[in-house]
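Trainee: Here's a structure for you.
The values are calculated or read from the model by the stated rules, or taken from the named source; none is laboratory data. This structure is a prediction, so every number in the text was calculated from the model and none was measured. A quick note on method: Cβ atoms are made from the backbone with ideal geometry, for glycine too, and the neighbour counts reach across all protein chains shown.
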Amino acid sequence: MRTAKTAGVLMSLVFTGSIATAQPPAAPEPRGETQGIKETEKFIKQGGEVSHAVGVAKQQVQNTLASYNALVSASSKNMKKDYGKLLKEMKEMDEKTAAARTEIGDMEAVGKTYFAGRETTIAGISDPKLKATAQQRLAASQKQHADVLASMRSTGEALEPIRKELDDQIKFLGSDLNPSAAASLAPNAKKLNDQGNTVFAKADEAINNANTYFNGLRSETGK
């Protein structure tokens, strides 16, 4: 008798637990009226940080090339000192370009949150015509953002060949640091500087496009 009663209690618990487990998940909390504004502000802030990081990386590459040029040119009076400066600038360049890549990745993550929030808000619009307009604007903004992101990444990728070439030439000079060795790098130096000028122009264009895009999202002008 006790066994039957115990079994009945266990079945009751299992059955009750099954019902509890089968309950539908709680509906997500409705988005606040200002949540979209906060997400937009965070998105814009991240965009500004990316532009800044890419600009800093570009400037550091320019500084590194300037140190390199000073070393391989005939004007260097103390090659050992100039070589040490170049090593320092190279280290700074690696750090600044890595920081820019991190910021670009963060911009992509923040963008996903921003666009997902807009999609959720638009889904709650009841007027079909107004909803369609909102969806069209969202799609256009997503495309612009994708273009900005691709441009920033392309700039970062274009810096890598310069970094590798500089690294090779630094190693070359490290094993043969004298005026004749530096003079032998003249053709390489011209090619490296030409590459740099192309990448710098590309970086400026990417930064300008990013600034135009993110400034267009601001609710206040003149910032």
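Trainee: Yes or no: the range 71-86 includes at least one residue that is surrounded by 13 or more Cβ atoms within 10 Å (Cβ to Cβ), within 19 Å of the chain's Cα centre (by Cα), assigned to a helix (DSSP H, G or I) and modelled with pLDDT of 85 or more.
Mentor: Checked against the condition, which is being surrounded by 13 or more Cβ atoms within 10 Å (Cβ to Cβ), within 19 Å of the chain's Cα centre (by Cα), assigned to a helix (DSSP H, G or I) and modelled with pLDDT of 85 or more, the range 71-86 yields no hits at all.
Trainee: Looking at Ser141, Ser151, Ser180 in this structure, which one is assigned to a helix (DSSP H, G or I), among the small types (Gly, Ala, Ser) and surrounded by fewer than 15 Cβ atoms within 10 Å (Cβ to Cβ)?
Mentor: None of the others qualify; the one that does is Ser180.
Trainee: Would you confirm whether or not the range 168-190 contains a residue that is touching a residue at least 24 places away in the same chain (Cβ under 8 Å) and of a type in the set (D, E, K, R)?
Mentor: No - not one qualifying residue is present in the range 168-190.
Trainee: Any idea which of Thr40, Thr21 is over 30 Å from Asn188 (Cβ atoms), at pLDDT below 55 and in a helix (DSSP H, G or I)? Talk me through it step by step, then tell me what you get.
Mentor: Values: Thr40 fails: at pLDDT below 55.
The match here is Thr21.
Trainee: Okay, next question. Keeping to the range 201-212, report how many residues are over 11 Å from Gly48 (Cβ atoms) and crowded, with 18+ Cβ neighbours inside 10 Å.
Mentor: Summing the residues that are over 11 Å from Gly48 (Cβ atoms) and crowded, with 18+ Cβ neighbours inside 10 Å in the range 201-212 gives 2.
Trainee: Are any of the residues in the range 112-119 surrounded by 13 or more Cβ atoms within 10 Å (Cβ to Cβ) and over 18 Å from Leu217 (Cβ atoms)?
Mentor: no
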